[in-house]
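Written out below as structure tokens is the structure these notes cover.
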Amino acid sequence: MKLKRFVSIPVLSVITLVGFVYYTTLFVFIEDWIGLQSSAGFLNSLIFTALASMCVFSFLVCVLADPGGVPSGFLPDVEDSYASDQETKRNGVVPKKCDKCSAYKPPRAHHCRVCRRCVLRMDHHCTWINNCVGQRNYKPFLLLVFYATAATTYSAAIIISCIIKDWDTGASSTSKTFRIGIGLWITALSLTLGSLLIWNIYLASHNMTTIEYHEGKRAAWLARKSGLSYHHPYDVGFYKNATLVLGSNMLKWLWPTATSHIKDGLSFPTIRESS
């Protein structure tokens, strides 16, 4: 069933794009720049292959991993159901019922109209992986963006070096045009992915999802109108936020499947509990 997620134009487009960037970087640009048989060429191809491989691995995990669904028959705890009106306005941590599923959903869970179910700690539905990004696959998604940014940036640096060499050796105008075009395209791709990486690092450092960011903007506006202050209730500090996403063992931070630290997604530490 999960393999059907690969039968998608965006997913197949990503696979084709990765293959194209990998082939042209290694067998066109590195080969033309310093040669794959040289020690420098072998080292550069090894580094780029490692980055590209981790990118593909993270992509496969994102596509195949279940982001986490709400268990059938879930009911909120009695303690979670109790909250004063003032506290509700300040942090929004109250039990909710999904209109479409007609069932209670845990804090931070949202209904995805594409997947047709409620997803735990839902960030967004990503067309490019044909899957939701949620509690159980947010870390591999973050690493996917990281490795994709690193790989395309490395590729862009190699292409720029090749372009400089073409100018020095007096290559044909056709060759220069081809290299400049590919270079501009991959540079633009690396900048786009870099922007997405910065955005997700910001979210992770504040223990916030994309949905919660937009909800928080409205909550902050309503709080200011009422003379109150708003702080994201799940932001428990930079390091704690990082460990909740990546794990407590820093040696495993860059491995997509090192997710044993991920909890059930039914409850989360809040500012009140951490203070």
Quick check on region 141-153. Is at least one of its residues more than 24 Å from TYR213 (Cα to Cα) and of a type in the set (Val, Ile, Thr)? yes
Looking only at region 38-80, how many residues end up being touching a residue at least 60 places away in the same chain (Cβ under 8 Å) and among the polar types (S, T, N, Q)? 2
Just give me the residues in region 1-13 being aliphatic (A, V, I, L, M) and open to solvent by 60 Å² or more (accessible area, probe 1.4 Å), in sequence order. MET1, LEU3, VAL7, ILE9, LEU12
Which of the residues spanning region 251-275 are closer than 23 Å to VAL133 by Cβ, open to solvent by 100 Å² or more (accessible area, probe 1.4 Å) and of a type in the set (A, V, I, L, M, F, W, C)? TRP255
May I ask you to verify whether SER172 is hydroxyl-bearing (Ser, Thr, Tyr), open to solvent by less than 30 Å² (accessible area, probe 1.4 Å), over 22 Å from CYS115 (Cβ atoms) and over 16 Å from the mean Cα position of the chain (by Cα)? no
Look through region 14-67, keep the residues that are at negative phi, outside any helix (DSSP H, G or I) and touching a helix residue (DSSP H, G or I) at 6+ places or on another chain (Cβ under 7 Å), and return whichever of them is surrounded by the most Cβ atoms within 10 Å (Cβ to Cβ). ALA65
In a helix (DSSP H, G or I), open to solvent by less than 30 Å² (accessible area, probe 1.4 Å), hydrophobic (A, V, I, L, M, F, W, C) and touching a residue at least 60 places away in the same chain (Cβ under 8 Å): which single residue out of ALA242, ALA204, ALA220 fits that description? ALA204
Residue list for region 93-126, restricted to those being within 16 Å of CYS62 (Cβ to Cβ), among the aliphatic types (A, V, I, L, M) and in a strand (DSSP E or B): VAL119
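Table: residues versus (1) outside any loop (DSSP other than H, G, I, E, B); (2) in contact with a strand residue (DSSP E or B) (Cβ under 6 Å, 6 or more places away or on another chain); (3) among the β-branched types (Val, Ile, Thr); (4) without any contact (Cβ under 8 Å) to a residue 12 or more places away in the chain.
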residue: ARG136; (1), (2), (3), (4): no, no, no, no
residue: THR152; (1), (2), (3), (4): yes, no, yes, no
residue: ALA157; (1), (2), (3), (4): yes, no, no, yes
residue: ASP166; (1), (2), (3), (4): yes, no, no, no
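The values are calculated or read from the model by the stated rules, or taken from the named source; none is laboratory data. Computed from a predicted structure; not experimentally measured. For neighbour counting, all protein chains shown are included, and Cβ atoms are generated from backbone atoms with ideal geometry for every residue, glycine included. The area values use the complete protein model at the heavy-atom level, side chains included, leaving out ligands, DNA and RNA. Shrake-Rupley method; radii C 1.70, N 1.55, O 1.52, S 1.80 Å.
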